[in-house]
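Here the structure comes first, spelled out in structure tokens, and everything after it is commentary.
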Number of protein chains: 2
Amino acid sequence: MRQFVICAHEATADSEFSLDDLPGEGGRMDLLCRAVGAALFTSHGIRDARVHLVIEDLTVQFDGATARNLNPDARSTAARVRDALDSRADAIGHQPATVSPGVKLYRTGLATTLDRLDGTLVQLHEDGTPLATVDPPANPVFVLSDHRDFTDEEATLLADRADQRLRVGPRAIHADHAVAVTHNWLDTDGYTDYEG
Amino acid sequence: MRQFVICAHEATADSEFSLDDLPGEGGRMDLLCRAVGAALFTSHGIRDARVHLVIEDLTVQFDGATARNLNPDARSTAARVRDALDSRADAIGHQPATVSPGVKLYRTGLATTLDRLDGTLVQLHEDGTPLATVDPPANPVFVLSDHRDFTDEEATLLADRADQRLRVGPRAIHADHAVAVTHNWLDTDGYTDYEG
């Protein structure tokens, strides 16, 4: 399975943002939700993929295999994120709250979220190894940042734990576009198979 | 320069859609605007690229080089599209209306819009040649569809005119993700240069 961990830096665990102002009040929630959509959706279907959206010490998990009534537009995804953040009282210890089918809230930040995930931990980073020169791992867990760089604390954590550090291209691109590029790299088995 | 022509099929030239319901009232305006964003934006900058969003017999043109105050979220892009559709009375013959810096409205549909564009016309299509097996052209004009297939009329037009027919991968993906993949293919000079 493919998994994506997206680290938010401007969005807060306070769920009181307006769906009409995702970039401002939402702290670039538009970008985060586009990244969730890029991880989960194909043109007319949903991928067997998971996204872990880390906002401060909370993690909203989207599971493509069990999700229902998710839509690719940012506004509707943001509404799910808001519901998830609202349900934090129902998450106890390491037990998540189930927000809606396929959407859970964990009261865990980045370190504990990474502890929970199995697979090859891949940090997407502008100084990494070029994507096209590496064989795609079987169960990748991609970690990427929003519009800001990883914090020093996150960078140290990932330096310790990441199995691979990969670069998607020569230019810094938005998180949702980086997700689209990595999916395409996996879909084509490293740009070698376009038949599937 | 890179150009993207995006053919809308559910959106209408009637500009009376709510920004709160881009998928429904807007006729998948969310998807169209994400595709515009994917064509224009890098993480902290704007590309020297143009997007031509064809909605019925109107074309909204976004020019990255001259655009001002554009934002990557779909809602704000949709507001610009709505303004553009509203300004159709100011577009006369083949002279566009200038909606805001970098945004113009042409009273032309797909055929006449393609007549106006110089470059290598590339149709993104699921039966095309794999992207990774082709050298990127210098001035590509990518033509892609929204969530629906090209109409018979569009398909015939493109069969006549397209210089290349390329496939981005084995799975049908959203237009914005296809745009992200093609940008990455060009940014890396066909997956060979990750230094830029």
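The values are calculated or read from the model by the stated rules, or taken from the named source; none is laboratory data. Predicted, not measured: the structure shown is a model, and the values here were computed from it. Cβ: placed from backbone, ideal geometry, glycine included. Neighbour counts: every protein chain shown.
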Which condition number in (1) within 20 Å of residue B:146 (Cα to Cα); (2) crowded, with 16+ Cβ neighbours inside 10 Å; (3) modelled with pLDDT of 95 or more is the one that residue B:79 fails? (2)
Out of B:135, B:127, B:176, B:160, I need the residue that is of a type outside the set (Ser, Thr, Tyr), in a helix (DSSP H, G or I) and more than 8 Å from every other protein chain (Cβ to nearest Cβ). Which one? B:160
Out of B:49, B:38, sole residue that is within 27 Å of residue A:78 (Cα to Cα), within 14 Å of chain A (Cβ to nearest Cβ) and in contact (Cβ under 8 Å) with a residue 12 or more places away in the chain: B:38
Go through (1) buried (at least 19 other Cβ atoms within 10 Å of the Cβ); (2) assigned to a helix (DSSP H, G or I) and name the single condition residue A:115 misses. (1)
Filtered residues of segment A:1-16 (kept if farther than 19 Å from residue A:176 by Cβ and in contact (Cβ under 8 Å) with a residue 60 or more places away in the chain): A:1, A:13, A:14, A:15
As an exercise: evaluate residue B:184 against (1) in contact (Cβ under 8 Å) with a residue 40 or more places away in the chain; (2) within 10 Å of chain A (Cβ to nearest Cβ); (3) part of a helix (DSSP H, G or I) and give the number of the one condition it does not meet. (1)
So, residue A:112, is that one more than 19 Å from residue A:41 (Cβ to Cβ) and within 14 Å of another protein chain (Cβ to nearest Cβ) or not? no
Residues of segment A:89-101 being part of a helix (DSSP H, G or I) and in contact (Cβ under 8 Å) with a residue 12 or more places away in the chain, in sequence order, are A:90
Please determine, by comparing only the residues of segment B:59-88 that are touching a helix residue (DSSP H, G or I) at 6+ places or on another chain (Cβ under 6 Å) and assigned to a loop (DSSP other than H, G, I, E, B), which one is nearest to the other protein chains (Cβ to nearest Cβ). B:73
Which condition number does residue A:104 fail, the rest of (1) surrounded by 14 or more Cβ atoms within 10 Å (Cβ to Cβ); (2) assigned to a strand (DSSP E or B); (3) in the same structural domain as residue A:176 (by TED's automatic domain parsing) being met? (3)
Are there any pairs, at least 6 apart or on different chains, whose C-beta atoms fall under 7 Å, with the first in segment A:58-87 and in the same structural domain as residue A:45 (by TED's automatic domain parsing) and the second surrounded by fewer than 17 Cβ atoms within 10 Å (Cβ to Cβ) and assigned to a helix (DSSP H, G or I), and if so, which? A:58/A:88
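Table: residues versus (1) of a type in the set (Asp, Glu); (2) over 14 Å from residue B:119 (Cα atoms); (3) buried (at least 19 other Cβ atoms within 10 Å of the Cβ).
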position: B:141; (1), (2), (3): no, no, yes
position: B:149; (1), (2), (3): yes, yes, no
position: B:160; (1), (2), (3): yes, yes, no
position: B:171; (1), (2), (3): no, yes, no
Within segment B:1-21, take every residue that is in contact with a helix residue (DSSP H, G or I) (Cβ under 8 Å, 6 or more places away or on another chain) and not in a loop (DSSP other than H, G, I, E, B) and give me the one that is farthest from residue A:74 (Cα to Cα). B:2
